[in-house]
1. Order the following by accessible area, largest value first: ILE11, ILE73, ILE65. Probe radius 1.4 Å; ligands, DNA and RNA are ignored.
2. Over all alpha-carbon pairs of region 42-85, lay out the pair-distance distribution in 10 Å bins, whole %, shortest bin first.
3. Mind checking the per residue accessible area of the chain for me, 1.4 Å probe, whole number of Å²?
4. Keeping the other protein chains in place, figure out the carbon and sulfur percent of the accessible area of the chain, with a 1.4 Å probe.
5. Between beta-carbons, use under 13 Å as the cut-off and find the net charge around LEU55, counting Lys and Arg +1, Asp and Glu -1.
6. Treating the Cα atoms of the chain as identical point scatterers in vacuum, please give the log10 of the normalised Debye intensity I(q)/I(0) at q = 0.26 Å⁻¹, two decimals.
7. So what does SER15 come to for accessible area, using a 1.4 Å probe and Å² rounded to 10?
8. For the chain, calculate the relative contact order in percent as a whole number, restricting contacts to Cα pairs under 8 Å that are 6 or more residues apart.
Amino acid sequence: MVAELTELSRIEAGSAELNKERVNLNELINEAIIQLKPLADKQNVTLHALLSGKLSAVQADRDRIAQTITNLIHNAIKFNRSGGA
């Protein structure tokens with residue numbers, strides 16, 4: 001959490017560096033789902049990914065995009081109802 005706050009401070013100050021590379025978003029989504037599946041199971045929430053096989057890789061900072069995807073899925077689990085998807 002401290003690392004995230006430090007990074008947020010750098011972003012707001014305009015001093016954060018981006019490490020752009022070709023990133024496959026489908027892979028990042030699948031990795032985040034695997035990482036968060038135990039939490040989803042504990043909360044009795046089912047995770048579904050409807051991914052496009054035609055999605056091209058994008059130029060992005062892999063770590064930042066991965067963290068964003070993870071945060072979105074984590075919030076979807078956290079604010080869902082038991083038995084939800």
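The values are calculated or read from the model by the stated rules, or taken from the named source; none is laboratory data. Everything numeric in this text was worked out from a predicted model, so none of it was measured. Neighbour counts run over all protein chains shown; Cβ positions are idealised from the backbone, glycine included. Accessible surface areas use protein heavy atoms only, side chains included; no ligands, DNA or RNA. Shrake-Rupley method; radii C 1.70, N 1.55, O 1.52, S 1.80 Å.
1. Ranked from most to least accessible, the order is ILE11, ILE65, ILE73.
2. It works out to 23, 41, 28, 7, in whole percents.
3. Counting only protein heavy atoms, the per-residue value for the chain is 76 Å².
4. 53 percent
5. Local net charge: +1.
6. These q points yield log10 I(q)/I(0) values of -1.20.
7. Rounded to the nearest 10, the figure is 70 Å².
8. Working: 75 pairs, mean separation 34.4, N = 85.
About 40 percent, as a whole number.
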